[in-house]
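Report on the structure given below.
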Ligand SMILES: Cc1cc2nc3c(=O)[nH]c(=O)nc-3n(C[C@H](O)[C@H](O)[C@H](O)COP(=O)(O)OP(=O)(O)OC[C@H]3O[C@@H](n4cnc5c(N)ncnc54)[C@H](O)[C@@H]3O)c2cc1C
């Protein structure tokens with residue numbers, strides 16, 4: 001039996017361990033914290049002496065592939081829910097939110113009426129679905145992304161527009177209204193300040209919709225999303241994975257293929273790093289790789305506020321019961337140029353915070369819907385754009401600015417009893433994300449699709465770590481991207497199973 005060492009117990013390390021163990025590898029997972037989960041973990045506050053749990057990092061589930069959810073055994077252990085009600089979009093000076101209907105005809109009517117949209121919404125969705133289908137196929141088969149193969153399967157035109165092209169060109173091709181373009185294109189900067197004018201930035205749009213667990217939509221996990229990593233850890237334990245927590249690796253001897261930690265050593269046939277991309281270079285003492293990584297665009301610009309309310313949130317508009325669990329989006333930008341300016345200003349540290357958009361996840365309402373009645377209601381405000389130079393304690397004014405904006409949309413803002421706030425610098429400290437990027441590395445031109453690799457030879461060894469034999473990387477910095485999905489962990493383990501068995 002081959003000895004596989006997985007370093008890192010986040011979602012990618014857990015998914016990779018699961019598949020490798022089931023395919024007759026002898027798997028040891030090493031995690032430096034005393035707990036698993038990485039950025040998918042819980043935190044708690046005390047309110048009236050009662051503990052209220054909330055998701056510290058990741059909140060919503062959506063990019064996971066349905067087959068991963070089922071094959072790992074997770075589908076047997078956790079309960080999920082995703083809202084079927086329309087998402088609601090607010091722009092300044094619009095009294096009513098715009099409804100993003102799942103039904104295409106309803107959506108066409110709504111966008112025309114509210115935003116004057118005269119473009120090709122149906123064409124956009126049809127073409128996006130073709131790209132998504134292609135992505136889901138390569139996820140499942142574990143085939144590495146490749147521009148030539150994409151052209152063969154999708155055709156030259158779709159590949160140019162959706163994979164190689166810029167988000168700016170893609171959005172202008174299908175839509176006429178700046179508001180539609182902003183809504184459909186916001187994910188381009190979800191993790192970091194990727195320029196919408198950069199080649200390759202279009203690809204993030206279908207990428208973020210390529211989950212299959214809820215057919216491209218996003219949803220919630222009963223109790224909280226940390227159940228995914230906690231339950232997967234239990235499953236892996238039962239499968240026989242040897243899990244070493246609170247374990248700090250001292251060094252790696254590549255010649256004799258040994259890992260040293262706490263005065264002990266273990267042999268490996270291969271090591272799979274499911275950490276941030278810098279950690280392997282530090283542990284194998286490879287300064288060249290570290291230099292190359294430091295030249296990449298790493299910076300993140302996402303902040304997260306968790307807002308706790310003593311009574312269920314009452315929305316001023318779209319307050320019918322059916323919208324309780326709808327995702328809401330509040331935009332401050334008015335067009336794509338304004339959007340780009342806010343994101344680039346924070347990248348260049350011109351300001352600490354530039355309002356862009358806030359994604360509001362109704363965590364508390366979703367918990368109630370799943371039968372989990374908690375003592376406080378919770379809203380998660382995933383907010384753009386914060387620069388990477390300040391901790392949350394230094395940006396309390398900006399947090400208050402966001403809460404004040406929220407108060408335009410909520411009747412009972414006085415019920416707000418507590419907030420928890422994280423900036424990119426906090427994310428770097430708490431989750432070791434290089435420069436605070438939730439995807440471990442910005443999803444930008446030279447770091448997207450087939451270029452989202454650290455391999456010196458991506459054609460044949462896509463997940464290999466530079467030119468290091470038997471050392472691989474499958475954290476959130478590798479294709480396709482981060483998120484509570486475990487897709488890089490799955491794809492890499494699939495390739496390793498082919499190679500070593
Ligand atoms: C604020 C925030 C909000 C987010 N929102 C969402 C969301 O709503 N939905 C979503 O899908 N995704 C979301 N994400 C992204 C998602 O959480 C991450 O992409 C995903 O959890 C990354 O998983 P991973 O396994 O690649 O890495 P990580 O979760 O970062 O895990 C890496 C693990 O490696 C360990 N490690 C590091 N160095 C070593 C070492 N030397 N030895 C041993 N172990 C080591 C770390 O302790 C950690 O446990 C969010 C992230 C953040 C921070």
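Some observations on this one:
- Residue check, residue 446 part of a helix (DSSP H, G or I) and modelled with pLDDT under 95: yes
- Considering (1) over 17 Å from residue 382 (Cβ atoms); (2) within 16 Å of the ligand (Cβ to nearest atom), the lone condition that residue 208 does not fulfil carries the number (1).
- Some residue of segment 67-76 being surrounded by 15 or more Cβ atoms within 10 Å (Cβ to Cβ) and in contact with a strand residue (DSSP E or B) (Cβ under 6 Å, 6 or more places away or on another chain): no
- Single condition residue 215 does not satisfy, out of (1) away from the ligand (no atom under 13 Å from the Cβ); (2) under 30 Å from residue 130 (Cβ atoms); (3) crowded, with 21+ Cβ neighbours inside 10 Å: (3)
- In segment 219-270, residue nearest to the chain's Cα centre (by Cα) [restricted to those that are part of a loop (DSSP other than H, G, I, E, B) and without any contact (Cβ under 8 Å) to a residue 60 or more places away in the chain]: 262
- All positions within segment 416-440 that are farther than 30 Å from residue 481 by Cα and either crowded, with 17+ Cβ neighbours inside 10 Å or at pLDDT below 95 (or both): 416
- Some residue of segment 366-389 being within 14 Å of the ligand (Cβ to nearest atom), touching a residue at least 24 places away in the same chain (Cβ under 8 Å), in a helix (DSSP H, G or I) and surrounded by 19 or more Cβ atoms within 10 Å (Cβ to Cβ): yes
- Taking (1) within 18 Å of the chain's Cα centre (by Cα); (2) in a loop (DSSP other than H, G, I, E, B); (3) at negative phi in turn, residue 216 satisfies each apart from (3).
- Put simply, of 84, 32 the only residue that is surrounded by fewer than 22 Cβ atoms within 10 Å (Cβ to Cβ) and closer than 29 Å to residue 132 by Cα is 84.
- Here segment 1-27 is the region considered, the condition is being surrounded by 20 or more Cβ atoms within 10 Å (Cβ to Cβ) and farther than 22 Å from residue 67 by Cα, and the residue that is farthest from the chain's Cα centre (by Cα) is 4.
- Among the candidates 83, 92, residue that is more than 21 Å from residue 235 (Cα to Cα), touching a residue at least 40 places away in the same chain (Cβ under 8 Å) and more than 16 Å from the ligand (Cβ to nearest atom): 92
- Flag for residue 461 being surrounded by fewer than 24 Cβ atoms within 10 Å (Cβ to Cβ), more than 10 Å from the ligand (Cβ to nearest atom), assigned to a helix (DSSP H, G or I) and over 14 Å from the mean Cα position of the chain (by Cα): no
- Output for segment 464-493, where each listed residue is under 16 Å from the mean Cα position of the chain (by Cα) and away from the ligand (no atom under 16 Å from the Cβ): none
- Test: residue in segment 193-201 that is crowded, with 21+ Cβ neighbours inside 10 Å, touching a helix residue (DSSP H, G or I) at 6+ places or on another chain (Cβ under 9 Å) and on the phi > 0 side of the Ramachandran plot: yes
- Candidates 286, 276: the one that is within 16 Å of the ligand (Cβ to nearest atom), more than 23 Å from residue 186 (Cα to Cα) and at pLDDT below 95 is 286.
- Residue among 496, 501, 443 that is away from the ligand (no atom under 16 Å from the Cβ) and crowded, with 24+ Cβ neighbours inside 10 Å: 496
The values are calculated or read from the model by the stated rules, or taken from the named source; none is laboratory data. Since we're looking at a predicted model, the values are computed, not measured. Cβ coordinates were reconstructed from backbone atoms using ideal geometry, including for glycine residues, and neighbour counts include every protein chain displayed.
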